[in-house]
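A.B. asks: Got a structure here, written out as structure tokens. Questions coming.
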Amino acid sequence: MYEKITPPTSGSKITFKNGEPVVPDNPIIPFIRGDGTGIDIWPATQKVLDAAVAKAYQGKRQISWFKIYAGDEACDLYGTYQYLPEDTLTAIKEYGVAIKGPLTTPVGGGIRSLNVALRQIFDLYACVRPCRYYAGTPSPHKNPEKLDVIVYRENTEDIYLGIEWKQGSEVGSRLISILNKELIPATPEHGKKQIPLDAGIGIKPISKTGSQRLVRRAIKHALTLPKHKQQVTLVHKGNIMKYTEGAFRDWGYELATTEFRQECVTERESWILSNKEKNPNLSLEDNARQIDPGFDALTQEKKAQIVKEVETVLNSIWDSHGNGKWKDKIMVNDRIADSIFQQIQTRPDEYSILATMNLNGDYLSDAAAAIVGGLGMGPGANIGDACAVFEATHGTAPKHAGLDKINPGSVILSGVMMLEYLGWQEAADLIKKGLGDAIAQGQVTYDLARLMEPPVEPLKCSEFADAIIQHFG
Ligand SMILES: NC(=O)C1=CN([C@@H]2O[C@H](COP(=O)(O)OP(=O)(O)OC[C@H]3O[C@@H](n4cnc5c(N)ncnc54)[C@H](OP(=O)(O)O)[C@@H]3O)[C@@H](O)[C@H]2O)C=CC1
Ligand SMILES: O=C(O)CCC(=O)C(=O)O
Ligand SMILES: [Mg+2]
């Protein structure tokens, strides 16, 4: 079945039922070491995960690791350009849950991203990136502990499905000509726009199915959070890109107010309901005036639309959500992407789950990780309905490769996410405690050490892993 790899002889497969993993006590889990600093980070991670599982379950549970190959390591074993061998794909498909280090993607030309390829091949549509502060971590922020968000980033569409044509290419030039001469003039709302003849062209598809399955997962996740964190914010640039980013927002609200009608309230609905709660005799028009500050300047048609919205909300959900019941529901709101970047800095504690499309989520997850200590503290998971691959937010950090220096925290915390996904919470908790205590005592790698006041002597990557294990307690 495999050309160059052999699965462990002990252990068994994780299977999936209704999108959830069914986990044996000795699961076989494939891992990819990764390029660049993967060589430092992976051994540190594996050591911490094994130690936590051993301590938590005293031999009753253990992971049988299955080494599989991608990136540079794969080319060494399988031959030139064999970056993502068939063996690797077969193993991930067969065993369902995997963990990986970062893989290199060249800029401008060369291979397309192996990381993206894995997400698309296995339809790992939700990229989940929690950004949570560990006490004592140095941060450019005064109150980093106020940020506790989970970025839910759509992982298969938008720029990941983006199709590009190079400037000057035959097909690209033909496409520009068809757009300029036929398709743009045929769409009056585009006016007299014309694409410059020397442009490169990119298409970013955003589908209703892709958007709603991502938001569905985000809402289900919100249901598991403590009450005060039960919120999903739809992040988009829908003011500019109405039929992609704007549609993402609308589809998100549609899902929340149909499939999750009993569990969710939208921000606008909450305003309408609370206006009536404060003043039961408020007219529909005055209620509309309060939810839309520019109401009096609107056209009659627009005013009528908002009054109708108020009436519909009160008629449809007053019984189920009114009289304060909405306060116990998941709050679904939306924010424009540029604004959320400043809001997570100025009002971090107002946010919980940030659900968004691919590119926004890419930027946002690096930015949010920076607030809680940097990319060394940014874990992640790529989740689908029949497979999950865990990996950090960061890349290969090539200039630090092989120096036993880099912070393994983000891949270790990705391992924590994996343990939680398997339902092995006791082992996950040991690692979170160990990592938290190590940081609190100033036992940190270079990236955090250089920001600490007073500065501390940095630990090596491997020493940080040992410190985490020592702090299991
Ligand atoms: N999922 C994946 O596998 C990903 C792969 N990539 C790929 O990785 C390669 C390099 O990308 P690049 O843009 O340099 O981004 P990287 O995320 O690899 O690194 C940028 C910088 O972030 C800091 N950093 C990253 N990881 C850590 C860590 N574990 N601990 C501490 N600091 C860290 C370092 O900053 P400093 O030097 O200041 O300490 C590093 O130089 C590219 O080929 C890119 O395509 C990128 C993102 C994700
Ligand atoms: O695949 C890559 O090279 C980049 C991926 C990335 O930036 C991410 O997953 O956040
Ligand atoms: Mg990224």
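Just so it is clear, none of the values below were taken in a lab; they were calculated from the coordinates. This one's a predicted model, so the numbers in the text were calculated from it and none came from an experiment. Note that we place each Cβ from the backbone using ideal geometry, even for glycine, and neighbour counts take in every protein chain shown.
A.B. asks: With the Cα gyration tensor of segment 163-203 in hand, give its eigenvalues times 5 under a square root as the equivalent ellipsoid semi-axes, listed largest first in whole angstrom.
C.D. replies: Details: eigenvalues 71, 17, 15 Å².
Taking √(5λ) for each Cα gyration eigenvalue gives 19, 9, 9 Å.
A.B. asks: OK, next. If one puts a single equal scatterer on every Cα of segment 141-219 and applies the Debye formula without solvent, what log₁₀ I(q)/I(0) results at q = 0.15, 0.19, 0.23 Å⁻¹?
C.D. replies: At q = 0.15, 0.19, 0.23 Å⁻¹ the computed log10 ratios are -0.74, -0.89, -1.04.
A.B. asks: What share of all Cα pairs of segment 38-137, in percent, falls into each consecutive 5 Å distance bin?
C.D. replies: Once binned at 5 Å, the Cα pair distances of segment 38-137 give 2, 10, 16, 19, 21, 15, 10, 5, 2, 0.
A.B. asks: Between residue 113 and residue 341, with labels modelled 7 Å along Cα→Cβ, what's the label distance in nm to one decimal, could you check?
C.D. replies: For residue 113 paired with residue 341, the spin-label model returns 1.7 nm.
A.B. asks: May I pose another question? Under the √(5λ) rule applied to the eigenvalues of the Cα gyration tensor, what semi-axes describe the equivalent ellipsoid of segment 359-459? Give them in Å, descending. Mind showing how you got there, number by number?
C.D. replies: Working: eigenvalues 115, 63, 30 Å².
Whole-Å semi-axes of the equivalent ellipsoid: 24, 18, 12.
A.B. asks: Can you tell me which aspartates and glutamates have their Cα less than 12 Å from the Cα of residue 55? Leave out same-chain residues fewer than eight positions away.
C.D. replies: 426, 429
A.B. asks: Also: Compute the normalised compactness of segment 315-422: alpha-carbon radius of gyration over 2.2 N^0.38 Å, N being the residue count.
C.D. replies: Numbers: Rg = 18.1 Å, N = 108, 2.2 N^0.38 = 13.0 Å.
Relative to the rule-of-thumb radius for its length, segment 315-422 sits at 1.39.
A.B. asks: Any chance you could run the full-extension gain for residue 440 through residue 242? It's 0.36 nm times the residue separation minus the Cα-Cα distance, nm to one decimal.
C.D. replies: Numbers: separation 198, 0.36 × 198 = 71.28 nm, distance 4.58 nm.
That pair, residue 440 and residue 242, stretches by 66.7 nm at full extension.
A.B. asks: Going 7 Å from the Cα of residue 167 toward and past its Cβ, which residues in segment 87-117 have a backbone nitrogen under 19 Å from where you end up?
C.D. replies: Counting backbone N atoms under 19 Å from the label point, the list is 107-110.
A.B. asks: If you don't mind, there's one more thing I want to ask. Return P(r) of segment 51-196 (all Cα-Cα pairs; 5 Å bins starting at 0; whole %; ordered from short to long distances).
C.D. replies: Bin by bin from 0 Å, the calculated values are 2, 7, 10, 11, 12, 12, 14, 11, 8, 7, 3, 2, 2, 1, 0.
A.B. asks: For the chain, what ratio Rg/Rh do Cα atoms give with a Kirkwood hydrodynamic radius? The partial results should precede the final answer.
C.D. replies: Numbers: Rg = 24.6 Å, Rh = 24.4 Å.
Result for the chain is an Rg/Rh of 1.01.
A.B. asks: Relative contact order (percent) for segment 163-203, with alpha-carbon contacts under 8 angstrom and 6 or more residues of separation?
C.D. replies: Working: 40 pairs, mean separation 23.3, N = 41.
Relative contact order comes out at 57 percent.
A.B. asks: Let me ask something else. If we count every other residue with Cβ under 14 angstrom of residue 398's Cβ, Lys/Arg +1 and Asp/Glu -1, where does the sum land?
C.D. replies: Values: positive: 399, 405; negative: 35, 40, 72.
Net charge around residue 398: -1.
A.B. asks: For a label point 7 Å from the Cα of residue 81 along Cα→C-beta, name the residues of segment 115-129 whose backbone N is under 18 Å from it.
C.D. replies: none
A.B. asks: Could you please tell me the mean projected area of the C-alpha convex hull for segment 255-336, averaged over all directions and given in square nanometres to one decimal? Please report the intermediate quantities before stating the final value.
C.D. replies: Details: hull surface 22.9 nm².
Hull-based average projected area comes out at 5.7 nm².
A.B. asks: Using the basic label-point model (7 angstrom from Cα toward the beta carbon), what is the residue 12 to residue 203 distance in nanometres?
C.D. replies: 4.7
A.B. asks: Let me ask another. Give me the Å³ per residue figure for the convex hull around the C-alpha atoms of segment 98-154.
C.D. replies: Numbers: hull volume 8.2 nm³, N = 57.
Residue-normalised Cα hull volume stands at 144 Å³.
A.B. asks: Given 204/242; 146/399; 17/329; 193/242; 276/325, which pairs have Cα atoms separated by over 23 Å? Before the final figure, lay out the partial values.
C.D. replies: Working: 204/242 13 Å; 146/399 32 Å; 17/329 28 Å; 193/242 16 Å; 276/325 13 Å.
Violating the 23 Å Cα-Cα cut-off are 146/399; 17/329.
A.B. asks: How charged is the neighbourhood of residue 160? Take every other residue with its Cβ under 14 Å from the Cβ of residue 160, and add Lys/Arg as +1 and Asp/Glu as -1. Write down the numbers at each step before the final one.
C.D. replies: On the way: positive: 112, 119, 153, 204; negative: 123, 154, 157, 158, 164, 362.
Around residue 160, the surrounding residues sum to -2.
A.B. asks: Still on this structure, please answer the following. For an R0 of 25 angstrom, estimate the FRET efficiency from the Cβ-Cβ distance between residue 296 and residue 271 and round to the nearest 0.05. Before the final figure, lay out the partial values.
C.D. replies: Values: r = 17 Å, r/R0 = 0.69.
About 0.90, to the nearest 0.05.
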